[in-house]
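To keep things clear, I will list the structure first and then write my remarks on it.
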Amino acid sequence: MDELAIALDMDPLELRRRNYSYEDPTKGLPWSSKHLDTCYDSAARRFGWERRDPRVGSMREGDEILGWGMATSSWTAGRQPCMARVELRADGTVMAACGTQDIGTGTYTVVAQTVAELTGVPLDRVEVRLGESSLPAGPLSGGSMATATTLPAVAAAVRAAIDELKEVATDEDAPFTGADPDGLAFRDGALADEQGKRVAFDDLLSGQKLGSVSGDGQAAPGDEQNQYSFRSFGAHFVEVRWDPGISRLCVSRVVSSIDIGRAVNPVTARNQVEGAIVMGIGMGLFEKLDYDPRDARLINNNYSDYIVTSHADMPEIDVELLDNPDYAFNEFGARGVGEIGLTGIAPAIANAIYHATGKRIRDLPITIEKLMEP
């Protein structure tokens, strides 16, 4: 894309804007939700892209040459079938269970948030159980689909548990005996009728001498897959600094805008993107597997010889998550986050390095040795 922009004497961002797609060209379907143009505009403004001098090596600060590059970020939005179980307990707590797992990406947190949001029970009264084969089947933690897959099933289980509670509440000698279960509302951890009578679910269960009621739920992709194409988008703008006198190269600044629909937990979602950017710096500048040509064994399969991004390599990172819920995808409007932050970082770094040095290097990682080659 950047080489085409140079051949056209056009700004790389402008080239992307002029080739903006409003539907998926591979499927012929409209995007369910796409705000890549907003990502371009917001990230470019925050980065200061309008001050970019397109001439190679023209932007300098002292002994350092600045290189500015950008790239588009994109990742498919996927869902899988999922099951979940939710239990309302007589001690006032709620338990949600699913066989998926949390590999550090925040699944425990977003499941607990969802239960709290739908029940009105405080977050510290919600227990989440994951990662056990005895629990209802859930998705793997990969492909940026755990949140979009798990939450609809958890929501279905919450509603099933509430329906079971309503049946208990309208039994003989129960607080709402004879009432229509469908006429009861569940808000802030309590059942209420149209006359304003309200009973907390823990009091109701205790009064009926029940330890808990539970509900099972499941969710899966539906006909929406034939109506829309689902994908997440973003834009990365990168600044590198190149000091040819001492052959020093670093990524000094990254500004990103990402459109993942609704970020259920903006703090953990933003941190996933920040971590992905760090991974992308490793991909662009450091990480490489070396094999022994005699027997194909890995030579650098250890942290002494395999170079990864360290604290000293960390740039200033500015991540923005747009808030455009994708309700065509699921009821929470949430698509995946994780891989979307990694895609586009290495190309943006390569484009920035070309802007600083005039060298177009396509073989990653872009090492100092490659920049010093004639």
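The values are calculated or read from the model by the stated rules, or taken from the named source; none is laboratory data. Keep in mind that this is a model prediction, so the values were computed, not measured. Glycine gets a Cβ as well: all are built from the backbone with ideal geometry, and neighbour counts include every protein chain shown. What goes into the accessible areas is simple: the full protein's heavy atoms, side chains included, and nothing from ligands, DNA or RNA. Shrake-Rupley method; radii C 1.70, N 1.55, O 1.52, S 1.80 Å.
Looking at G217, G143, G138 in this structure, which one is touching a residue at least 40 places away in the same chain (Cβ under 8 Å), at positive phi and open to solvent by less than 70 Å² (accessible area, probe 1.4 Å)? Show your work before the answer.
On the way: G217 fails: at positive phi; G138 fails: at positive phi.
Every option except G143 fails the conditions.
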Inset, instruction - Among residues belonging to the range 78-89 that are in contact with a strand residue (DSSP E or B) (Cβ under 6 Å, 6 or more places away or on another chain) and open to solvent by 10 Å² or more (accessible area, probe 1.4 Å), point out the one that is nearest to T149 (Cα to Cα). - result: M83
Inset, instruction - For Y40, work out the one condition from (1) within 27 Å of P315 (Cα to Cα); (2) open to solvent by 30 Å² or more (accessible area, probe 1.4 Å); (3) in contact (Cβ under 8 Å) with a residue 24 or more places away in the chain; (4) hydroxyl-bearing (S, T, Y) it doesn't fulfil. - result: (2)
Legend entry - Near pairs, Cβ below 6 angstrom, 6+ apart or cross-chain, from the range 251-272 (on the phi > 0 side of the Ramachandran plot) to any residue that is not in a loop (DSSP other than H, G, I, E, B): G261/A334
Legend entry - Residues located in the range 170-197, provided they are open to solvent by 40 Å² or more (accessible area, probe 1.4 Å) and within 39 Å of the chain's Cα centre (by Cα): D182, R187, D188
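Taking into account only those residues within the range 99-117 that are in a helix (DSSP H, G or I) and free of Cβ contacts under 8 Å to residues at least 24 places away in the same chain, which is farthest from D202 (Cα to Cα)?
For the range 99-117, the residue satisfying everything is Y108.
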Legend entry - Cross-chain or 6+ apart pairs with Cβ under 6 Å, the range 310-339 first and more than 26 Å from F286 (Cβ to Cβ), then in a loop (DSSP other than H, G, I, E, B) and of a type in the set (V, I, T): A334/V264; R335/I260
Inset, instruction - Answer yes or no as to whether I317 is surrounded by fewer than 24 Cβ atoms within 10 Å (Cβ to Cβ), modelled with pLDDT of 95 or more, of a type outside the set (F, W, Y) and over 14 Å from the mean Cα position of the chain (by Cα). - result: yes
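Each row is one residue, and each column tells you yes or no for (1) open to solvent by 40 Å² or more (accessible area, probe 1.4 Å); (2) modelled with pLDDT of 95 or more; (3) more than 30 Å from V115 (Cα to Cα); (4) aromatic (F, W, Y).
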residue: N271; (1), (2), (3), (4): yes, no, no, no
residue: E274; (1), (2), (3), (4): yes, yes, no, no
residue: M279; (1), (2), (3), (4): yes, yes, yes, no
residue: G284; (1), (2), (3), (4): no, yes, yes, no
residue: E287; (1), (2), (3), (4): yes, yes, yes, no
residue: R294; (1), (2), (3), (4): yes, yes, yes, no
residue: N300; (1), (2), (3), (4): no, yes, yes, no
residue: Y306; (1), (2), (3), (4): yes, yes, yes, yes
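Test of understanding: among V121, V158, which residue is aliphatic (A, V, I, L, M) and not in a loop (DSSP other than H, G, I, E, B)?
Values: V121 fails: not in a loop (DSSP other than H, G, I, E, B).
Checking each option against the conditions leaves just V158.
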